[in-house]
1. Output the residues belonging to the stretch 217-230 that are in contact (Cβ under 8 Å) with a residue 40 or more places away in the chain and part of a loop (DSSP other than H, G, I, E, B).
2. Keeping to the stretch 290-319, report how many residues are within 17 Å of the chain's Cα centre (by Cα) and not in a helix (DSSP H, G or I).
3. Among the residues of the stretch 263-289, write down those that are of a type in the set (Val, Ile, Thr) and part of a helix (DSSP H, G or I).
4. Considering only residues of the stretch 130-186 that are in a helix (DSSP H, G or I) and basic (Lys, Arg), which is nearest to the chain's Cα centre (by Cα)?
5. Check the stretch 209-216 and report whether any residue there is surrounded by fewer than 24 Cβ atoms within 10 Å (Cβ to Cβ), assigned by TED's automatic domain parsing to the domain that holds Phe273, part of a loop (DSSP other than H, G, I, E, B) and in contact (Cβ under 8 Å) with a residue 24 or more places away in the chain.
Amino acid sequence: MQTRHSLSGDDDSPMNQLKTYLAGQEQEQLRFLRELVLQPSYSGSKQDVDNAGAIIAKELDMLPMRTEVVRQDETGNHLLFRSPACDNQHGSILLVGHMDTVFPRDSGFDSYREKDGKVFGPGVIDMKGGLVAAVFALKALHHQGLLDTIPITLLCNSDEEIGSPTSKEMITKEAQKALFGLVFECGGLSGEIVTGRKGKNGFNLTVSGRAGHAAFSGVEKASAILEMAHKIIAIEKLNNSRRQLVVNVGTVKGGLGPNTVPDSASASIDTRFLSQLDGQECIEALTRITTNCTIPGTSGELIYTGGRLPMEQSAGNDILFRLIEAESKRLGQKVLAELRSGVSDANTMASAGLPVVDGMGPRGDCDHSDREYMIRDSLPEKTLLAARVIATGWQQLQQGNLSFSAALRN
């Protein structure tokens, strides 16, 4: 039946029927998950990512979703799926998940395996399990006829693992006109839902000196590596546990050989921060360290390589989390609010002013490694939770019982 639109709490209401429907779809979810996991979709392989997108589009063919393909030359194409209700609304509920993974075809991690209540495979929680949850939440809502009344946009991008360089603008545009957002990265093992993420900035630091023969250089040599060593010590001192500011020099390169004075050296730097103010102050400190040289005859240059603004734990995000928490209690599930250090497309959505939470995908661990796994039972659990949150959130918005406007003004 797809004609009932009431969201009452009656035993035969669509809300309860969502659970009944999804209980019969578990094997179908695992079938879809297996197909996605066995399709490689490394960020650097456009054809493979496009093939993964084709699998998702085929799975949604039976739903009345309008499909938009945002074509790319080098990365995979991005996909947008919109419910029929989007045609009559100024904003929609924005669901986001990425199709790319960190595993090249020759990584050796290319299998799908189920054992002891876990599912193992490349991208199974980062984030193909999340894509399965989002797709089947849409299927469940369609089964109850709710896609005709709830405006929903599912955005599947192809380049999140490399910083979303070609999709960030599109995500921002969709977020600016959305009602609230759900991102389907993996949930925490203890039921964590991400209400905040640190920001990230990356830099390349280069130091120039003066080349020479080591045997004749003396103590006043303008060694780029020696100056870099002074700068690295100063940079690492920027770490501040009280402010949860993390600064890391990850790679260092320089020199031609032990008998030469190096005239150049370079280092890559990663920074993580809670607030935009902390991020800006860190940039200013790195700039001072770059400019102020200890070794005469040397100079430094700092180049910004990209990053994301923080997803601060805003009042709007907290309102959305409370909605999720209430629905999880009704389902007998447990959720916890989490501040996560890693970044995702939720950072971009939050930066656009959208109330958003992340971690709506299934629970698991060890992503970005050949030990990556998903807790099998968490896939139908999180799918049901997502469907309920979408339906209840829309209902409460329409009834005036859910509002983000005051939180956004603050």
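The values are calculated or read from the model by the stated rules, or taken from the named source; none is laboratory data. It should be emphasised that the depicted structure is a prediction, and the values quoted were computed from it without experimental measurement. Quick reminder, even Gly has a Cβ in these numbers, built from the backbone with ideal geometry, and neighbours come from all protein chains shown.
1. Hits for the stretch 217-230 are Ser217, Glu220, Lys221, Ala222, Ser223.
2. The total comes to 8.
3. Passing the criteria: Ile283, Thr287, Ile289.
4. Lys168
5. So far as the stretch 209-216 goes, yes, one or more of its residues are surrounded by fewer than 24 Cβ atoms within 10 Å (Cβ to Cβ), assigned by TED's automatic domain parsing to the domain that holds Phe273, part of a loop (DSSP other than H, G, I, E, B) and in contact (Cβ under 8 Å) with a residue 24 or more places away in the chain.
Quick grid of which residues meet (1) charged (D, E, K, R); (2) over 25 Å from Asp126 (Cβ atoms):
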position	(1), (2)
Pro296	no, yes
Leu302	no, yes
Glu312	yes, no
Asp318	yes, yes
Gly332	no, yes
Asn347	no, no
Leu354	no, no
Val357	no, no
Asp365	yes, no
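Yes/no per residue for (1) surrounded by fewer than 24 Cβ atoms within 10 Å (Cβ to Cβ); (2) touching a Gly at 6+ places or on another chain (Cβ under 7 Å):
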{"residue": "Leu155", "(1), (2)": "no, no"}
{"residue": "Thr166", "(1), (2)": "yes, no"}
{"residue": "Leu182", "(1), (2)": "no, no"}
{"residue": "Cys186", "(1), (2)": "no, yes"}
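Here's the yes/no breakdown for (1) surrounded by 13 or more Cβ atoms within 10 Å (Cβ to Cβ); (2) over 24 Å from Ser217 (Cβ atoms); (3) touching a residue at least 12 places away in the same chain (Cβ under 8 Å):
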{"residue": "Ile232", "(1), (2), (3)": "yes, no, yes"}
{"residue": "Glu236", "(1), (2), (3)": "no, yes, yes"}
{"residue": "Asn239", "(1), (2), (3)": "yes, yes, no"}
{"residue": "Arg243", "(1), (2), (3)": "yes, yes, yes"}
{"residue": "Val261", "(1), (2), (3)": "yes, no, yes"}
{"residue": "Gln276", "(1), (2), (3)": "yes, yes, yes"}
{"residue": "Leu286", "(1), (2), (3)": "yes, yes, yes"}
{"residue": "Cys293", "(1), (2), (3)": "yes, no, yes"}
